[in-house]
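The values are calculated or read from the model by the stated rules, or taken from the named source; none is laboratory data. Bear in mind that the values here come from a model prediction, so they are computed numbers and not experimental data. Quick reminder, even Gly has a Cβ in these numbers, built from the backbone with ideal geometry, and neighbours come from all protein chains shown.
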Amino acid sequence: MSEVYNSTCFVTGGGTGGHIYPAMAVADALCADTKVYYVGNKRNMEFELASKKGYKFLHVSVSGMPRKLNPKFFIWGIKLIKAIIRSVRYIKKYKPDMVFATGGYVSAPMIFACIITKTPYVMHDCDAMPGLVTRRLSKRAKYVTLAFENAKRYIPNKHTVVTGNPIRDGFKTLSKSQAKALLGLSDNKLTLCVMGGSQGAKSINNTTIELLKEFSQELNLQVIFQTGKKNFDSVTENLERIYPSYAEDKNLIIRPYFEDMIPVLKSSDIVISRAGSLSLSEICASETAPILVPYPYAAANHQRINAKYLLKSGACIYIEDKEFEPNKLRETIIELLNNPIKMNYLKQNASYLAKYNAAEEIVKLLRSIH
């Protein structure tokens, strides 16, 4: 017997995890009674993730806008027009009742297509400084949902709601003890997570390599270290030189990338991270003390703005990338270990910022326009 759906929704957003995972969380919350199609670029990671979930994938060939007016800009413009035409055809063929877009260049053609065909759409932006696509195309959205209160000033739409970022259900349900058990970690030791996003971060990696043996052997910390896929080989080569027996150290878990960050973050007591918005939402939902090292070259300086929002809330330790070196990190970690009151203060303040029901709130808004 074929499944019966009350409505049809296109979900679009891609290129980075910060656009994909919130889109996926909303798709998952919708799919019980809604036919969901995922619109993205099949050359990006959204294709693999959406396909694994079983969503029908609609490909649009689109890339980020060149920053300079040169021949590449005009080629990009032609490709964008083609992607918009293809998106209009998808709308005419599958007739979605609504579209949910998480911003970024991948979602732009479908939003233009919505405007052309008068299809209702809802936009979500993850950052304290909303991206260019959100700022330019949110005016005609039925609703705009945001992760940060202070992002509202940039949105030219009176139907703007601060929901927080949609996060996966495991952040609500998995306990710290259960998460540690899943990773084979001791429940009686503190755990430090080091991550620089799916691609890694060289400054974070290089500083961590210098201190891994000390953290494990002298401070008795369990360390989960996500190096990023591109940097894994260089990290392990350097570790062979600095700490030859690292592979036998039961306190260390070193991987290029974790498909599922829920047990990683939920098992952690301290997290060293860049300041992408989705990472911050997941960190806040994991009862950890964050040490944030914003990527200094992020578009519109959004990572610094995100991190300073947490700093103002007493929910993180903030370190500039150029200051993130072994002595600074050593002092910061030892201070937290020697001052559990401060560690708990950071954990509690970060937890206060967590919004566990964002996906459900966004789904309510989507259903209200159908």
| Qualifying residue in segment 40-54 (condition: surrounded by 22 or more Cβ atoms within 10 Å (Cβ to Cβ), within 23 Å of Leu365 (Cα to Cα) and touching a residue at least 12 places away in the same chain (Cβ under 8 Å)) | yes
| remark: If we ask which residues in segment 279-305 are surrounded by 24 or more Cβ atoms within 10 Å (Cβ to Cβ), small (Gly, Ala, Ser) and assigned to a helix (DSSP H, G or I), their number turns out to be 2
| remark: Note on His124: of the conditions (1) touching a Leu at 6+ places or on another chain (Cβ under 8 Å); (2) outside the structural domain of Gly15 (by TED's automatic domain parsing), unmet is (2)
| message | If I go through segment 215-235 residue by residue, how many of them are in contact with a strand residue (DSSP E or B) (Cβ under 8 Å, 6 or more places away or on another chain) and not in a helix (DSSP H, G or I)? | response | 7
| Residue satisfying all of: in segment 66-106; hydroxyl-bearing (Ser, Thr, Tyr) and under 20 Å from Leu30 (Cβ atoms); surrounded by the fewest Cβ atoms within 10 Å (Cβ to Cβ) among these | Tyr94
| Taking segment 181-206, which residues are within 16 Å of Asn327 (Cα to Cα) and touching a strand residue (DSSP E or B) at 6+ places or on another chain (Cβ under 9 Å)? | Ile204, Asn205
| message | Please go through (1) more than 22 Å from Val363 (Cβ to Cβ); (2) touching a His at 6+ places or on another chain (Cβ under 9 Å); (3) of a type in the set (Val, Ile, Thr) for Thr163 and return the number of the only condition it doesn't satisfy. | response | (1)
| query | When you go through (1) surrounded by fewer than 21 Cβ atoms within 10 Å (Cβ to Cβ); (2) more than 23 Å from Phe47 (Cβ to Cβ) one by one for Ala128, which number turns out not to apply? | reply | (1)
| message | Residues that are outside any helix (DSSP H, G or I) and not assigned by TED's automatic domain parsing to the domain that holds Ser281: does segment 71-85 have at least one? | response | no
| message | The conditions are (1) over 18 Å from the mean Cα position of the chain (by Cα); (2) not assigned by TED's automatic domain parsing to the domain that holds Thr191, and Ile362 fails exactly one of them. Which is it? | response | (1)
| said: Being outside the structural domain of Phe225 (by TED's automatic domain parsing), hydroxyl-bearing (Ser, Thr, Tyr) and more than 21 Å from Ala359 (Cβ to Cβ) is the filter here; which residues of segment 153-187 pass it? | reply: Tyr154
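Rundown of residues vs (1) acidic (Asp, Glu); (2) under 26 Å from Tyr309 (Cβ atoms), yes/no style:
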position	(1), (2)
Lys213	no, no
Glu218	yes, no
Lys230	no, no
Asp249	yes, no
Pro256	no, no
Met261	no, yes
Ser267	no, yes
Val271	no, yes
Ser279	no, yes
| task | Please find, within segment 25-39, the residue that is surrounded by the most Cβ atoms within 10 Å (Cβ to Cβ) out of those that are out of contact with any helix residue (DSSP H, G or I) (no Cβ under 6 Å at 6 or more places or on another chain) and among the hydrophobic types (A, V, I, L, M, F, W, C). | result | Ala27
| query | Does any residue of segment 188-197 turn out to be assigned by TED's automatic domain parsing to the domain that holds Glu335, under 16 Å from the mean Cα position of the chain (by Cα) and surrounded by fewer than 21 Cβ atoms within 10 Å (Cβ to Cβ)? | reply | yes
